[in-house]
Amino acid sequence: MGLIAHVEPDHPGVWVDERKIAALGITVKNRVTMHGIALNVCPDLAFFEGIVPCGIRDRGVTSIADLVGKSPRLPMVKTSLSLELARQFGKAGVEW
């Protein structure tokens, strides 16, 4: 897909320019940990107008579809995400 994303020490999540494209989360409840990742693939970005993601008021939200001009195929997104996470953590990729 060719998108260049980055993290910022002062702002949680994953960013493309000054717009958030992904969020990471972790919680512990009753001694059980849960974690997850939310990647904006092709949501209706109008839904984000009524919220302040992660309390960051001076930044926007984006999606892959918004940045590339069309909705990507989900198998391609899964593969790209899996390979990049594997690369970041020094592991082999996950087969979907």
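The values are calculated or read from the model by the stated rules, or taken from the named source; none is laboratory data. Being a predicted model, the structure only gives us computed values, none of them experimental. Virtual Cβ from ideal backbone geometry, glycine too; neighbours counted across all protein chains shown. These area figures cover heavy atoms from the full protein model, side chains too; ligands, DNA and RNA do not enter into them. Shrake-Rupley method; radii C 1.70, N 1.55, O 1.52, S 1.80 Å.
Based on C-alpha pairs under 8 angstrom that are at least 6 apart in sequence, the chain has a relative contact order of 19 percent. Shape class of the chain from the alpha-carbon gyration tensor: oblate, with a/c at 1.5 or above and b/c at least as large as a/b. As a fraction of the 1.4 Å probe accessible area of the chain, surface on carbon and sulfur atoms comes out at 58 percent.
Annotation: amide H-H contacts under 5 Å for Lys20 (H modelled 1.01 Å from N, sequence separation of 5 or more, or interchain): Gly60, Val61, Thr62. Couplings 3J(HN,Hα) for the range 63-72, derived from phi with the Karplus relation 6.51 cos²θ - 1.76 cosθ + 1.60 (θ = phi - 60°), are 9, 4, 4, 5, 7, 9, x, 7, 6, x Hz, where x marks Gly and Pro. Close amide H partners of His11, meaning residues 5 or more places away or on another chain with modelled amide H under 5 Å apart, do not exist here.
The candidates Ile37, Ile4, arranged from most to least accessible area with a 1.4 Å probe in the full protein assembly, appear as Ile4, Ile37.
In the context of the full set of protein chains, the chain has a per residue accessible area of 76 Å² (1.4 Å probe).
Taking the charge dipole of the chain about its Cα centre, with +1 at Lys and Arg Cβ atoms and -1 at Asp and Glu Cβ atoms, the residue from Cys42, Pro12, Leu81 reaching farthest to the positive side is Leu81.
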